[in-house]
Amino acid sequence: QLSSISLYHASPIPMTSLQLTAKKVAVVGGGAAGLVAARELRNEGHKVVVFEREAQLGGTWVYSPEVESDPLGLDPNRKIVHSSLYSSLRTNLPREVMGFRDFPFVASGKAGRDSRRFPGHEEVLRYLEDFGNEFRLHELVRYQTEVCHVGLEAEGKWKVKSRTKAENDGSEFVETYDAVVVCNGHYTEPRIADIPGIEVWPGRQIHSHNYRIPEPYRDQVIVLIGSSASAVDICRDLSRFAKEVHVASRSKPDGSYGKQPGFDNLWLHPMIERAHEDGNVTFQDGSVVRAEVILHCTGYKYHFPFLHNIDAANVDDNRVGPLYKHVFPPALAPGISFVGLPWKVVPFILCELQSRWIASILSGRISLPSEEKMMEDIKSFYSTLDAAGVPKRYTHNIGDHQFEYDDWLALETGSPLIEDWRRGMYRATSLCRRAQPETYRDEWDDEDWILTAYQDFKQYLP
Ligand code: FAD
């Protein structure tokens, strides 16, 4: 364990003899992506304003016990609760892998902090707060200020309309920026499973976005749809209180269906075939349960309610675009860009590299290909997905080649490539999680990678 992280001095990209341009940049969102975008943009000399709807930084990692008025999250007029965290959540990546490159996520050794390798969610928030403090990012942030409109003005400038929270005074501001970097997160707008017969089924439905604790489900029979990391955690969390938990999953090998080893109230089924008026739910293997709750752990949709009439932000079957390398819409680049869209990835380091790329392009240190060349690249990427039979909605799922993507960004920006230990540890964790889903957070066998990581961290820690 290493002692506390203390003063760290940023090392901006080395200056060249190029004449760099400082831009006035609006960053939408103060989660992990917005924080690192702000740091990279400022390091490059830009003037940055971060707009954050909430009263604090951290985005997803700001847990709230509050849930939305519509438990399925479909009502467009519902009060939005941003975070989808459940109370018991521990990270599904080891802290070493999760951290930003030059600000390692090590146990701080401070009282009250969580020193576990896969810590609880509060520890991630503390880490992001440490990051914000270390780089004095708070001074760039307008808290409780929501961006409600971003639009293109004459001469490539961007109009940003924002509004402070009504309880403050609800003031509206209209300003002009040279560029807008969108970092608004993509785990807030639920995606719901299509279930035949659901309109007559009498039970309660919720989306995992509005799941917090298992106690309210005591003695109930629950059908949970999904097989993501959240589904795996939540079904186990629920099984401590519910009478029965039946998981409906599309992507499990045949032999794994049935009662789950180590549990007396947890079953795995294939997908739901139909829900019925009498409360029954039928699965594709013919099994039937009488359920009181259907819990959709079915993921989220990209959502940019503040981007009006901007072609770049078209979301078509959860593909945002067209975007060059998941970041720049060719027709509007580099004035508007998106950080953190890829999923099934290690997000912080990816956001760090994307942000550095954006900052360097805005300053003129490096340049983008022509609009035509970027469109060609996108078309060829889409063709590769089509040829491999990848559905459109998986466009930004780059899990299998995330490190190649990171390395591409690193090469573009003259940054070091992804560390071998980070790749190795990520793969070791994925295998371990699959083999021992109950215990991977507390038992592992990648000690060699841990040693190498901590060796590497010495250059960044006091
Ligand atoms: P967010 O953290 O969502 O931040 C977006 C910010 O934008 C928010 O603060 C929001 O208030 C603000 N905002 C939105 N709209 C506006 C607006 N119009 N105006 C102003 N502000 C706005 N990652 C890991 O590395 N390890 C894990 O173990 C892990 N577990 C996860 C578990 C769950 C349940 C979820 C949902 C995600 C998990 N992640 C994990 C991924 C996580 O989302 C990323 O780690 C990271 O927090 C994403 O940061 P972000 O800044 O892109 O988005």
For segment 265-411, compute Rh as the Kirkwood radius over C-alpha pairs and then the Stokes-Einstein diffusion coefficient at 10 °C and 1.306 mPa s; write the answer in µm²/s, rounded to an integer. 88 µm²/s
Rg/Rh over Cα atoms for segment 335-444, Kirkwood Rh, comes to 1.03
How much net charge surrounds residue 123 when only the other residues with a Cβ under 12 Å from the Cβ of residue 123 are counted, with Lys and Arg +1 and Asp and Glu -1? +3
What is the calculated FRET efficiency for residue 139 to residue 274, with r their C-beta to C-beta distance and R₀ = 45 Å, to the nearest 0.05? 0.20
Rounded to 10°, Cα long-axis angle of helix 32-43 versus longest principal axis of the chain: 10 degrees
What would the Debye equation give as log₁₀ I(q)/I(0) for segment 194-318 at q = 0.17 Å⁻¹, counting only Cα atoms as equal point scatterers? -0.85
Take the Cα atoms of the chain, find their three principal axes, and give me the spread along each one in whole Å, biggest first. 71, 51, 50
Ordering 44, 172, 273 from largest to smallest accessible area (1.4 angstrom probe), what's the sequence? 172, 273, 44
If you average 1/r over every pair of different alpha-carbon atoms in segment 145-207 and take one over that average, what Kirkwood value in Å do you get? 15.5 Å
Return the calculated 222 nm mean residue ellipticity for the chain, to the nearest 500 deg cm²/dmol, obtained by summing -39500 (n - 2.57) across DSSP H runs with n ≥ 4 and dividing by the residue count. -8000 deg cm²/dmol
So what is the relative contact order for the chain, in percent, with contacts set as C-alpha pairs under 8 Å and at least six apart? 18 percent
Computed over the chain: longest principal axis from alpha-carbon atoms vs helix 121-134 long axis, angle to nearest 10 degrees, is 10 degrees
What's the center-to-center distance, using Cα atoms, between segment 74-102 and segment 271-340 in Å? 17 Å
Computed over the chain: longest principal axis from alpha-carbon atoms vs helix 371-387 long axis, angle to nearest 10 degrees, is 20 degrees
Pop the C-beta distance of residue 154 and residue 379 into the FRET formula with R0 = 22 Å and round what comes out to the nearest 0.05. 0.15
Got a number for carbon plus sulfur as a percent of the chain's accessible area, 1.4 Å probe? 51 percent
Entries in 301/392; 23/165; 325/458 that, when Cα-Cα distance is taken, lie over 21 Å: 23/165; 325/458
Regression test value, accessible area per residue of the chain, probe 1.4 Å, units Å², expected 45 Å²
Diffusion coefficient, µm² s⁻¹, Stokes-Einstein with Kirkwood Rh over alpha-carbon pairs of segment 381-431 at 10 °C and 1.306 mPa s: 126 µm²/s
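The values are calculated or read from the model by the stated rules, or taken from the named source; none is laboratory data. Keep in mind that what you see is a predicted model, and the values were worked out from it rather than measured. Glycine gets a Cβ as well: all are built from the backbone with ideal geometry, and neighbour counts include every protein chain shown. Ligands, DNA and RNA are stripped out before the accessible areas are found, and what is left, the full protein with its side chains, is counted by its heavy atoms. Shrake-Rupley method; radii C 1.70, N 1.55, O 1.52, S 1.80 Å.
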